[in-house]
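*Asks:* Before we start, here is the structure in question, set down as structure tokens.
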Amino acid sequence: MSCDVLINILDDHNEGSILATAKYKPKEVIFIYLENCNIEDQVEKLSEYYLNKFPFTTFIPKKINHNDFSKVEDIIKSYSNKNTIINLTGGKKFICLIIEYFARKNGIKVIYLDIEQEKLITFNDKNIEVMQDDFLNLDVDDVIESIGGAIVVDSTEECSKKAVEEFTNMIAKNISLWEKYKYRIYDNRIFIHDQSNPSMIKINMSCLNKQETDIYYKILNMLSNYDQIKYWKEDNFIKIRFLNLYMKSFIFKSGSWLEVFTKRVVEEIEAVDDVKSGVLFLWNDDKRRVRNELDVVAVKDSVLICISCKDSAKYDEVALNELNVYGNQLGGESVIKILVATKPPIKSSVLDRAREMNIWIVLFNGDRKEFKDKLKKIITRKYM
């Protein structure tokens with residue numbers, strides 16, 4: 001199935017246009033947008049994306065005036081003698097209605113993609129047809145780049161290291177011990193950082209009980225076996241030299257293990273197409289490039305899943321607002337927003353506020369299967 005020209009309406013989220021382009025393989029793809037919208041940067045980024053993703057398709061932006069309906073008709077009429085399809089998946093309602101009117105007037109087929117239900121709706125003057133369709137599965141980069149954003153860095157590759165995996169699993173399998181001792185990591189009487197040498201720290205053993213000592217030696221031996229550290233004992237101190245500063249950052253950054261653990265569990269859900277963790281992305285905001293971060297970002301059937309991880313009960317409306325803004329910014333109305341935590345929030349009102357924002361709160365209490373089942377039901381919409 002193909003066409004010569006695919007006409008789209010530029011939107012904040014253009015997954016439907018990308019999926020339609022992949023399906024119909026047009027020679028030209030047209031994006032109509034309003035000239036009084038400050039989206040020139042987005043148009044440029046989308047053009048670059050199409051150049052890389054669809055090199056044999058010509059990307060043509062068409063700027064129109066808010067009230068110049070004749071310009072809209074001129075654009076549509078100029079392609080009426082070609083094999084043209086108009087895609088109404090994105091765009092403001094009033095523009096969609098105007099374009100749909102001129103499409104019917106000029107006898108051009110119109111389509112709409114219901115991405116979540118994987119249905120393709122086609123219609124013209126005479127009939128409407130609804131078909132089940134297996135759309136292309138976009139990955140995280142596709143979705144973010146299609147809206148003018150850009151992934152600056154993600155820790156996905158770093159998190160594949162065996163030492164990180166084993167450290168994460170040690171915590172996940174011993175969550176009660178972790179809850180008991182995790183705050184000791186940030187006690188500067190115990191863990192003494194060398195300000196002049198970031199790779200060096202020492203542990204004051206005189207401040208530890210026997211259980212802590214046994215735990216730390218087990219972790220140190222594991223890290224040493226994976227060539228992440230070298231350590232030795234001097235008097236009442238254990239001196240540690242990190243051979244990999246990422247590993248040091250991972251250990252002393254709050255919640256990093258939960259981020260990696262959540263990513264691993266989400267990866268195991270068969271319906272998920274792509275997962276990244278520690279995603280730092282750029283976003284255009286009033287002519288500024290703003291840096292934002294999400295712990296885990298995944299895609300299922302081109303629907304974005306944004307996950308924030310909190311290894312505590314100290315999360316509130318501020319954390320919800322941040323996840324809500326980032327999620328809606330990246331994924332639009334269809335985005336799935338999840339906050340993963342190890343404890344319920346201190347304030348019960350946070351749960352009510354989360355429901356209002358369509359944010360799911362999922363707790364990990366040490367039961368990996370239960371945690372995975374909850375995430376799977378949310379991601380596959382079985383809770384809906």
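The values are calculated or read from the model by the stated rules, or taken from the named source; none is laboratory data. This structure is a prediction, so every number in the text was calculated from the model and none was measured. Virtual Cβ from ideal backbone geometry, glycine too; neighbours counted across all protein chains shown. What goes into the accessible areas is simple: the full protein's heavy atoms, side chains included, and nothing from ligands, DNA or RNA. Shrake-Rupley method; radii C 1.70, N 1.55, O 1.52, S 1.80 Å.
*Asks:* Can you match mean projected area of the Cα convex hull in nm² to one of these, (i) 34.6; (ii) 22.2; (iii) 19.0, based on a calculation from the structure here?
*Replies:* (ii)
*Asks:* Ok, one more. As a test of the formula, what do you get for the chain when each DSSP H run with n ≥ 4 contributes -39,500 (n - 2.57) and the sum is divided by the residue count, at 222 nm and rounded to the nearest 500 deg cm²/dmol?
*Replies:* Details: 13 runs with 144 residues, N = 384.
That comes out to -11500 deg cm²/dmol.
*Asks:* Going down the list 263/377; 337/377; 173/347; 25/71, which pairs span over 19 Å between their C-alpha atoms? Numbers along the way, then the final one.
*Replies:* Working: 263/377 16 Å; 337/377 13 Å; 173/347 27 Å; 25/71 26 Å.
In this structure, 173/347; 25/71 lie more than 19 Å apart at Cα.
*Asks:* Calculate one ³J(HN,Hα) per residue across the stretch 182-188 by plugging θ = phi - 60° into the Karplus curve 6.51 cos²θ - 1.76 cosθ + 1.60, and present them in order as whole Hz with x for glycine and proline.
*Replies:* 4, 6, 5, 4, 9, 8, 6
*Asks:* Determine the share of the chain's accessible area contributed by carbon and sulfur atoms, expressed in whole percent, with a 1.4 angstrom probe. Mind showing how you got there, number by number?
*Replies:* On the way: 9180 of 19150 Å².
Solvent-exposed carbon and sulfur of the chain make up 48 percent of the total.
*Asks:* What shape does the stretch 247-352 have by the C-alpha gyration tensor, where a ≥ b ≥ c are the square roots of the eigenvalues, rounded means a/c under 1.5, and otherwise prolate means a/b greater than b/c and oblate the rest? Intermediate values should be presented prior to the final figure.
*Replies:* Details: a/c = 1.26, a/b = 1.11, b/c = 1.14.
Cα axes put the stretch 247-352 in the rounded bin.
*Asks:* While we're on this one: Can you tell me how much longer the chain between residue 348 and residue 245 gets when fully stretched, taken as 0.36 nm per residue apart minus their C-alpha distance, in nm with one decimal?
*Replies:* Numbers: separation 103, 0.36 × 103 = 37.08 nm, distance 3.83 nm.
Full extension of this stretch gives 33.2 nm more.
*Asks:* Hey, with R₀ at 35 Å, roughly what FRET efficiency would residue 94 and residue 357 work out to, going by the Cβ-Cβ distance, to 0.05?
*Replies:* Here the calculated transfer efficiency is 0.80.
*Asks:* Considering only protein heavy atoms, with the full assembly of protein chains and a 1.4 angstrom probe, order 241, 355 by accessible area, largest first. Kindly include the intermediate steps, with their values, before the conclusion.
*Replies:* Values: 241 90, 355 155 Å².
From most exposed to least exposed: 355, 241.
*Asks:* Then there is this: Give the long-range amide H neighbours of residue 109: residues separated by 5 or more places, or on another chain, with amide H under 5 Å away, using H modelled in the peptide plane at 1.01 Å from N.
*Replies:* HN-HN under 5 Å from residue 109: 86.
*Asks:* Find the accessible area per residue for the stretch 257-384; the probe is 1.4 Å, ligands and nucleic acids are left out, and the unit is Å².
*Replies:* On the way: 5790 Å² over 128 residues.
Spelled out: the 1.4 Å probe surface of the stretch 257-384, per residue, equals 45 Å².
*Asks:* At 1.4 Å probe size, what's the solvent-accessible area of residue 66? Round to the nearest 10 Å².
*Replies:* In the full protein context, residue 66 sits at about 80 Å².
*Asks:* Once you have a ≥ b ≥ c as the square roots of the Cα gyration tensor eigenvalues for the stretch 70-224, tell me rounded if a/c is under 1.5, and otherwise prolate or oblate according to whether a/b is larger than b/c. Could the numbers behind the result be given before it?
*Replies:* Numbers: a/c = 4.77, a/b = 3.49, b/c = 1.37.
Prolate is the answer for the stretch 70-224, as a/c is 1.5 or above and a/b outweighs b/c.
*Asks:* Then there's this: Give the angle, between 0 and 90 degrees and rounded to the nearest 10, that separates the Cα long axis of helix 317-331 from the longest principal axis of the Cα atoms of the chain.
*Replies:* 40
*Asks:* Let me ask another. To the nearest 0.05, what FRET efficiency results for residue 162 and residue 82 with a Förster distance of 41 Å applied to their C-beta separation? Present the calculation step by step, with values, prior to reporting the outcome.
*Replies:* Details: r = 55 Å, r/R0 = 1.35.
Efficiency at R0 = 41 Å is approximately 0.15.
*Asks:* Would you mind computing, in nm to one decimal, how far apart the modelled labels at residue 67 and residue 53 are, each placed 7 Å from Cα along Cα→Cβ?
*Replies:* Each label point lies 7 Å from its Cα, and together they span 3.6 nm.
*Asks:* May I pose another question? If the limit is 29 Å between Cα atoms, which of 27/126; 63/300; 45/372 go over it?
*Replies:* Working: 27/126 27 Å; 63/300 32 Å; 45/372 36 Å.
Among 27/126; 63/300; 45/372, the Cα-Cα distance tops 29 Å for 63/300; 45/372.
*Asks:* If I take R0 = 56 Å and measure r between the Cβ atoms of residue 219 and residue 40 in this structure, what FRET efficiency does the formula 1/(1 + (r/R0)^6) give, to the nearest 0.05?
*Replies:* On the way: r = 52 Å, r/R0 = 0.92.
Given R0 = 56 Å and the Cβ-Cβ separation, E is 0.60.
*Asks:* Another question, if that's okay. Go ahead and set up a Gaussian network model of the chain, Cα springs under 10 Å, then flag whichever of 308, 256, 78 fluctuates most.
*Replies:* Ranking 308, 256, 78 by mean-square fluctuation puts 78 first.
*Asks:* Here's a follow-up. I need the phi-derived Karplus couplings for the stretch 352-367: 6.51 cos²θ - 1.76 cosθ + 1.60, θ = phi - 60°, integer Hz, Gly and Pro marked x.
*Replies:* So the J values, rounded to whole Hz, are 5, 5, 4, 4, 4, 8, 6, 9, 8, 9, 10, 9, 9, 10, x, 8.
*Asks:* Sorted by mean Cβ packing within 10 Å, highest first, what order do the peptides 262-271, 17-26 take?
*Replies:* Packing proxy ranking, top to bottom: 17-26, 262-271.
*Asks:* Leaving out ligands and nucleic acids, note down the accessible area per residue over the stretch 21-80 with a 1.4 angstrom probe, in whole Å². If you can, show how the numbers build up before the last one.
*Replies:* Numbers: 3310 Å² over 60 residues.
Value returned for the stretch 21-80: 55 Å² of accessible area per residue.
*Asks:* Suppose a student asked you for the relative contact order of the stretch 167-293, using Cα pairs under 8 Å spaced at least 6 residues apart; what percent would you report?
*Replies:* Numbers: 123 pairs, mean separation 23.4, N = 127.
Value for the stretch 167-293: 18 percent.
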